[in-house]
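The values are calculated or read from the model by the stated rules, or taken from the named source; none is laboratory data. In this text the structure is predicted, and so the values were computed from the model without any measurement. Every residue, glycine among them, receives a Cβ derived from its backbone with ideal geometry; neighbour counts consider all protein chains shown.
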There are 2 protein chains.
Amino acid sequence: MEALNRKSVEEFRQAAKIPIVVVLENIRSAYNVGSIFRTADAFLLEAVFLTGYTAHPPHKEIKKTALGAEESVLWKHFSTTKEAIQELRSCDYTVFAVEQTNQRVMLENVEWDTEKKIALVLGNEVSGVEQETIDNCDGCIEIPQLGMKHSLNMATAGGVVLWEFVRKWILTVKHNRR
Amino acid sequence: MEALNRKSVEEFRQAAKIPIVVVLENIRSAYNVGSIFRTADAFLLEAVFLTGYTAHPPHKEIKKTALGAEESVLWKHFSTTKEAIQELRSCDYTVFAVEQTNQRVMLENVEWDTEKKIALVLGNEVSGVEQETIDNCDGCIEIPQLGMKHSLNMATAGGVVLWEFVRKWILTVKHNRR
């Protein structure tokens, strides 16, 4: 364990996190929710917010794909995404929806002052992020999709967007240590 | 369809691809294979190579998560990864394993001359890329994992690594068009 620099649940909870909250809105598949928990653990994110009918722990299918990450990662459930966004705003988070809209920024062009806290809303596997939620966000981010299907698996899309921010965070931290 | 710039199967096959081949070695879950097909479609990759006991189309579980991408994306099955790497080398691909080793490059530090073709080997969900395969590769790439579990879902890990290369490709293409 130590050799790989793994953290215990208690160490994980107390560790300084990357200031990102993932918001999962009306996700149909609890397996996808579990995968996102695993990603949130691997990338040491602040928390996962679960809104609407998104499944939340304790849950058999989440457990199956989260592999214990549902115990280390902080999470909170909200009936509506609106309430989740209100709480995030009150804690100075800037909130982005991951969605294809006219006013989106393409993922490769996203800029992030890593001093600022951000939240990323991922929407339903079929219908995407709700229009009301998009209207409530500070902006939208789109993953370039060049092929025939124009859709990534929801948990894969989450990993892709999160990596873009984690990469920026790692490079900033490195730069500041020089 | 046209409004979203989606491609038909025929158009996809004939479109100029991003010069990346994904190699899936001994993947246990056909659902994960399907997800990678979907990612390979979205990112307009050259092909997916399936080695060892990795499931290949036609396959019910691949179909369920690939959502048709198994029909657009080129794929080929090999009994061993060694044969796959031989074929890739004969076509001038540089081959990287996605694996934690002492001689790895961290993903945020990877450099890519986008003129050069690359292949990325993703290994089994539990045991990772085989040592013999690592020895056969030109290098290893590691995704920074900061949390408790030290493991991303295999399809998520694939999406993360592929985005890093696709991002570089998009930014290079843009730069060259200026």
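Considering only residues in segment B:108-126 that are within 14 Å of the chain's Cα centre (by Cα) and hydrophobic (A, V, I, L, M, F, W, C), the one that is nearest to the other protein chains (Cβ to nearest Cβ) turns out to be B:122. Taken over segment B:87-103, the criterion of being surrounded by 14 or more Cβ atoms within 10 Å (Cβ to Cβ) and either part of a helix (DSSP H, G or I) or modelled with pLDDT of 95 or more (or both) is satisfied by B:87, B:88, B:89, B:93, B:94, B:95, B:96, B:97, B:98, B:99.
The residue list B:68, B:34 contains one member that is within 13 Å of chain A (Cβ to nearest Cβ), within 22 Å of residue A:163 (Cβ to Cβ) and among the small types (Gly, Ala, Ser), which is B:34. Output the residue which, of all residues in segment B:127-178 that are surrounded by fewer than 22 Cβ atoms within 10 Å (Cβ to Cβ) and among the β-branched types (Val, Ile, Thr), is farthest from the other protein chains (Cβ to nearest Cβ). Among those residues, the one meeting the criterion is B:134. Looking at A:45, A:24, can you tell me which residue is away from every other protein chain (no Cβ under 12 Å), on the phi < 0 side of the Ramachandran plot and buried (at least 23 other Cβ atoms within 10 Å of the Cβ)? Step by step, each of A:45, A:24 is checked, and only A:24 is away from every other protein chain (no Cβ under 12 Å), on the phi < 0 side of the Ramachandran plot and buried (at least 23 other Cβ atoms within 10 Å of the Cβ). Would you check which residues across segment B:1-56 are touching a strand residue (DSSP E or B) at 6+ places or on another chain (Cβ under 7 Å), of a type outside the set (Gly, Ala, Ser) and without any contact (Cβ under 8 Å) to a residue 40 or more places away in the chain and list them? If the condition is that a residue be touching a strand residue (DSSP E or B) at 6+ places or on another chain (Cβ under 7 Å), of a type outside the set (Gly, Ala, Ser) and without any contact (Cβ under 8 Å) to a residue 40 or more places away in the chain, then B:17, B:33, B:37, B:44, B:48, B:50, B:51, B:54, B:56 are the ones that fit.
Considering (1) among the aromatic types (Phe, Trp, Tyr); (2) over 30 Å from residue B:101 (Cβ atoms); (3) crowded, with 18+ Cβ neighbours inside 10 Å, the lone condition that residue A:37 does not fulfil carries the number (2).
Scan segment A:38-69 for residues that are assigned to a loop (DSSP other than H, G, I, E, B) and within 16 Å of residue A:159 (Cα to Cα) and jot them down.
Within segment A:38-69, A:43, A:44 qualify.
If you filter segment A:1-21 down to residues that are in a strand (DSSP E or B) and buried (at least 20 other Cβ atoms within 10 Å of the Cβ), you find that the one that is nearest to the other protein chains (Cβ to nearest Cβ) is A:18. In segment A:104-126, the qualifying residues are those that are of a type in the set (Lys, Arg) and within 23 Å of residue A:87 (Cα to Cα), and the one that is surrounded by the most Cβ atoms within 10 Å (Cβ to Cβ) is A:117.
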